[in-house]
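Everything below concerns the one structure shown next.
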């Protein structure tokens, strides 16, 4: 490297014998120029990706020592020109085991410039030695090996104090003395004077008689277990009790994450009494800077009033950071957090409007009201029912301003102006995540999940590709723009290939070129990979039930997945400008959808199934309240930024009224078929052959839950799909039109919300027929119930699941129908009705 840089410097500054000319550029500019010339961007991206994914346990589960991690970080940072001490310390903290990282944070504030990486490595190595010693001692004990007090002592990690940052040497000194076979001199004996050792047997027990200083072990009684043959200090039961005490101590024992002896801290001991139920906290709705939708938890044990770190920036207020984060002492021993700064906000709680100072800390709630606010405003907290009473700041007895306790306000809906304001803020703050569709392309980094192309046969049989597509003249300007963008971004690389798949000329609605490659022959030689499990129905129901749901759409989803560098040579395709190979996944590849699903699961593993649902490139963020939704969307954006994923700004919407996905028209609590999908089915002509009929029935069956007793109409049509001659008659035409009429009704299905259901032990009012409009009875317990309706016809059985307060006003959740088998067709009418009930109530 130096041999390449020195000539460049000499040419740049005209270095002469006896001195140098003044530098025409700054040192930073010099470094930047050197980086552009001598640092490979692709290698730098790989190194940064490796730094982000570096962990103490590699992909194979092997344990990596902390000093090896530090050496690896220094090598990677040097190769990427990222030699900032703070940056290397951050990579080191992220890479080591969380137990070791916690010990480092307890000992010192590693963010300080005076704390070097070498010092962190020294502390981490000391903590690592304690953890490994403890694990070895515990495994030895589990295997039935002798576990003496000596082994127990070396298993105890050194204690640290925040004042001097020095370990307690008590156990280490004892370990050194015992490991070297040295003993403290007896009273009256000089240092270094030898002492005669008592003879011992094969088990390490003293032998001999009392005359020569030893005793017969058969006459020795243990004071601990009352058995003979050993001393109390060597009693095995004493060692077991010591181990139990060590396992219960969170301050002196640190269990390595990979240890086989690690216990589940959340498990409840079998012999202990049940844990008392957790009392609900007192939470009230508030306004911050005149914006509703937030909640404050009242905590009489908190000394100050705190706010979530994401809210000050969201609300556009100035945040003052402390030079050094301040410690936040919590009520539980060993739990620590930091206060990073403070801000002033105008907030409204009950009928009180005031300006309050908020300490910024990583709390779970929007706001945490502490004793400072409660005392200042003469606030009284009452329980059962939960409420707070706020008096005037002067302390005079005024009218009480009451606020009922609530977890979230599910009925609150922000104004469209508030939603638009937050969307504008989100897109501006994360402009590198939400990009315009016409933004320049970029080559995604190499991540842990990459697209692979596993061939069935190493050599493809179709080396001589005969298929080609002619590009019309009107496509060439759009293709030229597309070709330049992909080549400049490094996504397409021109090459000379023996075989290349043909590109298909295709234009989008806006006139731009859509890059499509005919990969049918390559797919025939590609192993089909397993698709990760995805529950489309659950995603639809969760999106419909959520109080707030937003849509984030990945921009060019397949182009954000890197191909394994070893498989890039399998991707050549032919363009009007010659052959190229691609470094990202292609649309039409047999396993591109599988790789996309795996990438989404890897990146958003902490949010999927909780606050986020995804199917292919369509992602939905769901939340129970507006304040929670703000935090959830920001968390998704932060995660996408960390992994360099991009969403389409045009297709991403915050809390829209329409939540359509997977061919379903979704509004809050209501699901129906999308109009485009319904109109496409209604526009189909009468089938003229078996293939067209199968296509029609396939589209109808996908929407079967929206069509009651569908089986009655599909029975005559399904017969023609078998191995029978094609005979389209009047019964088939009538069934075909009946299906279209049911689809045209636009049936809307309700969703089941567990929070709205009545208690399991309650039951609704039972009537044999719907009541009169002026005489509608009410249930004893408020809430919705589930009702099951079944029926049997000549052709088969049908059922419907409904939800509502009573059966006469319940709304359908879904329909089911099935054709009778030949044996079931011969059942009696009561048996067929019973079969309908059995099938509807039995899980499929």
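The values are calculated or read from the model by the stated rules, or taken from the named source; none is laboratory data. Remember, it's a predicted structure, so these values are computed and weren't measured experimentally. A quick note on method: Cβ atoms are made from the backbone with ideal geometry, for glycine too, and the neighbour counts reach across all protein chains shown.
Taking the conditions exactly as written (closer than 20 Å to residue 808 by Cα, assigned to a loop (DSSP other than H, G, I, E, B) and in contact with a helix residue (DSSP H, G or I) (Cβ under 6 Å, 6 or more places away or on another chain)), does residue 747 satisfy them or not? Considered against the rule, which asks whether it is closer than 20 Å to residue 808 by Cα, assigned to a loop (DSSP other than H, G, I, E, B) and in contact with a helix residue (DSSP H, G or I) (Cβ under 6 Å, 6 or more places away or on another chain), residue 747 comes out as yes. Against the numbered list (1) on the phi < 0 side of the Ramachandran plot; (2) in contact with a strand residue (DSSP E or B) (Cβ under 8 Å, 6 or more places away or on another chain), residue 676 comes up short only at (2). Across the range 794-838, the number of residues qualifying as over 44 Å from the mean Cα position of the chain (by Cα) and part of a strand (DSSP E or B) comes to 1. When we screen 439, 458, 428, 478 for residues that are in contact with a strand residue (DSSP E or B) (Cβ under 7 Å, 6 or more places away or on another chain) and either part of a loop (DSSP other than H, G, I, E, B) or not assigned by TED's automatic domain parsing to the domain that holds residue 313 (or both), the only hit is 478. For the range 778-793, the set of residues classified as free of Cβ contacts under 8 Å to residues at least 24 places away in the same chain and either part of a loop (DSSP other than H, G, I, E, B) or farther than 16 Å from residue 758 by Cα (or both) consists of 778, 780, 781, 789, listed by residue number. Answer yes if at least one residue in the range 784-805 is in contact with a helix residue (DSSP H, G or I) (Cβ under 9 Å, 6 or more places away or on another chain) and surrounded by fewer than 15 Cβ atoms within 10 Å (Cβ to Cβ), and no otherwise. The answer is yes, given that some residue of the range 784-805 is in contact with a helix residue (DSSP H, G or I) (Cβ under 9 Å, 6 or more places away or on another chain) and surrounded by fewer than 15 Cβ atoms within 10 Å (Cβ to Cβ). Checking each residue of the range 756-775 against the condition of being in a helix (DSSP H, G or I) and either touching a helix residue (DSSP H, G or I) at 6+ places or on another chain (Cβ under 9 Å) or in contact (Cβ under 8 Å) with a residue 24 or more places away in the chain (or both) gives at least one match.
Suppose the filter is in the same structural domain as residue 790 (by TED's automatic domain parsing), touching a strand residue (DSSP E or B) at 6+ places or on another chain (Cβ under 9 Å) and at pLDDT below 90; does residue 756 pass it? Spelling it out, residue 756 is indeed in the same structural domain as residue 790 (by TED's automatic domain parsing), touching a strand residue (DSSP E or B) at 6+ places or on another chain (Cβ under 9 Å) and at pLDDT below 90. Checked against (1) buried (at least 17 other Cβ atoms within 10 Å of the Cβ); (2) within 46 Å of the chain's Cα centre (by Cα); (3) at pLDDT below 90, residue 843 meets all criteria but (1). When residues in the range 624-635 are screened for being more than 15 Å from residue 364 (Cα to Cα) and touching a helix residue (DSSP H, G or I) at 6+ places or on another chain (Cβ under 6 Å), 0 of them pass. Of the candidates 721, 661, 688, the single residue that is over 30 Å from residue 436 (Cα atoms) and either surrounded by 14 or more Cβ atoms within 10 Å (Cβ to Cβ) or in contact with a helix residue (DSSP H, G or I) (Cβ under 6 Å, 6 or more places away or on another chain) (or both) is 721.
Here the condition is being crowded, with 18+ Cβ neighbours inside 10 Å and within 30 Å of residue 308 (Cα to Cα); of 639, 633, it holds for 633 alone.
Confirm whether residue 647 is over 21 Å from residue 436 (Cβ atoms) and crowded, with 16+ Cβ neighbours inside 10 Å. For residue 647, the condition - over 21 Å from residue 436 (Cβ atoms) and crowded, with 16+ Cβ neighbours inside 10 Å - is not met. Of the listed requirements (1) modelled with pLDDT of 75 or more; (2) buried (at least 18 other Cβ atoms within 10 Å of the Cβ); (3) under 30 Å from residue 753 (Cβ atoms), residue 403 misses just one: (1). Just to be sure before I move on: is residue 112 in contact with a strand residue (DSSP E or B) (Cβ under 7 Å, 6 or more places away or on another chain), modelled with pLDDT under 75 and on the phi < 0 side of the Ramachandran plot in the structure I sent? No: the conditions fail for residue 112.
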